[in-house]
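K.L.:
Next up is a structure, given as structure tokens.
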Amino acid sequence: MENKKTEEATVVKHTGSQYLVSNLPEWDVKTCVLKGKLRLKGGSTTNPIAVGDRVLYEKEGDTRGVITEVLPRKNYIIRKSTNLSRQAHIIAANLDQVFLLVTLSFPETKFEFIDRFLVTCEAYKIPVKIVLNKIDLFGNESSDSLDDFKYIYNESAGYQIIETSGKMGINTNLLREECKGKVSLFSGVSGVGKSSLINALDSNLTLRTGEISDYHRQGKHTTTFYEIHPLFSGGFIIDTPGIKGFGLIEMEREELSHYFPEMLRVLNNCKFAPCTHTHEPDCAVKRGVEQGEITEERYISYLSMLEGEDKYR
Ligand code: GDP
Ligand code: ZN
């Protein structure tokens, strides 16, 4: 029997039965199919192999191959198909970082979406930074909503906030630097200026604009294919069009506060362990909220996730 050469690579795109792979950071794309007998331990996910997965494949000529194995994931991020469904879709695997794009107006990104997203990243141990886009809308004027946002997410919760404007090119150089040498996922609700910002990072990338893809998304049977794009300046990005929200992944009630960094910092001081930080006396988290170190906004999000958690099971 012919001894085929096995290589390792990253899945950069998946369409139907074909997987495009490249051995990142090299960009030398090969087209692969799955080996017929390959048994996938996908469990309840709709896509057992996701963009970002490291795979082994047998080379067939210079441009093709057959995937024989999916290597263990460093991390991954999933989305429930619907709130009630047990089926989950893996958006991407082996991420170095996530950029969560947020706007305070036009459109206003709901705190609930932000907090659910951040909790998902924390649960999967994926470093996440907040990109506050359309910062040009504030001009040079001081703004209470901007100050509040920075207090909640940076000073209290501890997340880095990068203020950008794709339109005016504000901090696009900084973001380009942040992307170098890494695989980064860009996410955010539709309309936050994600396509414009990504296009401002690299003019070779002309992603679909929000408006058009939104329109096509109305169709029932449209499937979103995630894809890794190389940046001219270095690094790789994955765009996530059409994300409306996240179902929380399965977790114990007592675990949820571990994914709020400002709560995690103090919860060892709660009298009871485990503590849900709701009815228990002598609770360090509730004390933190009273003293203003933990913000009411985040605590309310926490309570709503704690309460709503049952419907995601
Ligand atoms: P996406 O849905 O997140 O991909 O958003 P788009 O990139 O399609 O932009 C949505 C809308 O926001 C468009 O009307 C853009 O012109 C506008 N927009 C995008 N970036 C900026 C920005 O930095 N500042 C302002 N003021 N508007 C922007
Ligand atoms: Zn407590």
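The values are calculated or read from the model by the stated rules, or taken from the named source; none is laboratory data. Keep in mind that this is a model prediction, so the values were computed, not measured. Positions of Cβ are backbone-derived with ideal geometry, glycine not excepted, and every protein chain shown enters the neighbour counts.
K.L.:
Return yes when Gly308 is modelled with pLDDT under 95 and within 16 Å of ligand 1 (Cβ to nearest atom) and no when it is not. Break it down stepwise before answering.
P.N.:
On the way: modelled with pLDDT under 95: yes; within 16 Å of ligand 1 (Cβ to nearest atom): no.
Answer is no for this residue.
K.L.:
Can you tell me how many residues in the stretch 108-126 are surrounded by fewer than 16 Cβ atoms within 10 Å (Cβ to Cβ) and of a type outside the set (Lys, Arg)?
P.N.:
Applying the first criterion (surrounded by fewer than 16 Cβ atoms within 10 Å (Cβ to Cβ)) to the stretch 108-126 yields 108, 110, 112, 125.
Narrowing the set further to residues that are of a type outside the set (Lys, Arg) leaves 108, 112.
The qualifying residues number 2.
K.L.:
Okay, moving on. So in the stretch 109-136, with the set limited to residues that are out of contact with any helix residue (DSSP H, G or I) (no Cβ under 9 Å at 6 or more places or on another chain) and modelled with pLDDT under 95, which one is farthest from ligand 2 (Cβ to nearest atom)? Give the derivation first.
P.N.:
Our first condition is that a residue be out of contact with any helix residue (DSSP H, G or I) (no Cβ under 9 Å at 6 or more places or on another chain); within the stretch 109-136, this holds for 109-110, 113, 117, 124-125, 134, 136.
The next check asks that each one be modelled with pLDDT under 95; those that pass are 109-110, 113, 117, 124-125.
Working: Thr109: 28, Lys110: 26, Phe113: 25, Phe117: 24, Tyr124: 24, Lys125: 23 Å.
Among those that are out of contact with any helix residue (DSSP H, G or I) (no Cβ under 9 Å at 6 or more places or on another chain) and modelled with pLDDT under 95, it is Thr109.
K.L.:
Listed residues Tyr153, Tyr159; which is touching a strand residue (DSSP E or B) at 6+ places or on another chain (Cβ under 7 Å), in a loop (DSSP other than H, G, I, E, B) and in the same structural domain as Ser195 (by TED's automatic domain parsing)?
P.N.:
Step by step, each of Tyr153, Tyr159 is checked, and only Tyr159 is touching a strand residue (DSSP E or B) at 6+ places or on another chain (Cβ under 7 Å), in a loop (DSSP other than H, G, I, E, B) and in the same structural domain as Ser195 (by TED's automatic domain parsing).
K.L.:
Can you go through Asp115, Asp148, Asp136 and tell me which one is acidic (Asp, Glu) and over 22 Å from Ser304 (Cα atoms)?
P.N.:
Details: Asp115 fails: over 22 Å from Ser304 (Cα atoms); Asp148 fails: over 22 Å from Ser304 (Cα atoms).
Sole residue among the options that is acidic (Asp, Glu) and over 22 Å from Ser304 (Cα atoms): Asp136.
K.L.:
A further question on this structure: For residues that are of a type in the set (A, V, I, L, M) and within 10 Å of ligand 2 (Cβ to nearest atom), scanning just the stretch 268-293, find the one that is nearest to the chain's Cα centre (by Cα).
P.N.:
Here is the first cut: in the stretch 268-293, the residues of a type in the set (A, V, I, L, M) are 273, 284-285, 289.
Imposing the further condition that a residue be within 10 Å of ligand 2 (Cβ to nearest atom) reduces the set to 273, 284-285.
Working: Ala273: 30, Ala284: 30, Val285: 27 Å.
Of everything passing the filter in the stretch 268-293, Val285 is nearest to the chain's Cα centre (by Cα).
K.L.:
Pairs under 6 Å by beta carbon, first residue under 19 Å from Lys150 (Cβ atoms) and basic (Lys, Arg) in the stretch 268-297, partner within 16 Å of ligand 1 (Cβ to nearest atom) and outside any loop (DSSP other than H, G, I, E, B), six or more apart or different chains?
P.N.:
none
K.L.:
Does the stretch 85-99 contain any residue that is within 19 Å of Ser190 (Cβ to Cβ), crowded, with 19+ Cβ neighbours inside 10 Å and modelled with pLDDT of 95 or more? Steps first, answer last, please.
P.N.:
To start, the set of residues in the stretch 85-99 that are within 19 Å of Ser190 (Cβ to Cβ) comprises 89, 91-92, 98-99.
Next cut, crowded, with 19+ Cβ neighbours inside 10 Å only: 91-92, 98-99.
From what is left, the residues that are modelled with pLDDT of 95 or more are 98-99.
So far as the stretch 85-99 goes, yes, one or more of its residues are within 19 Å of Ser190 (Cβ to Cβ), crowded, with 19+ Cβ neighbours inside 10 Å and modelled with pLDDT of 95 or more.
K.L.:
Could you list, in sequence order, the residues of the stretch 137-150 that are modelled with pLDDT under 95 and either away from ligand 1 (no atom under 16 Å from the Cβ) or not in a helix (DSSP H, G or I) (or both)?
P.N.:
Result: Gly139, Asn140, Glu141, Ser142, Ser143, Asp144.
K.L.:
Tell me whether the stretch 160-175 contains one or more residues that are modelled with pLDDT under 95, closer than 29 Å to Glu252 by Cα and not hydrophobic (A, V, I, L, M, F, W, C).
P.N.:
Within the stretch 160-175, not a single residue is modelled with pLDDT under 95, closer than 29 Å to Glu252 by Cα and not hydrophobic (A, V, I, L, M, F, W, C).
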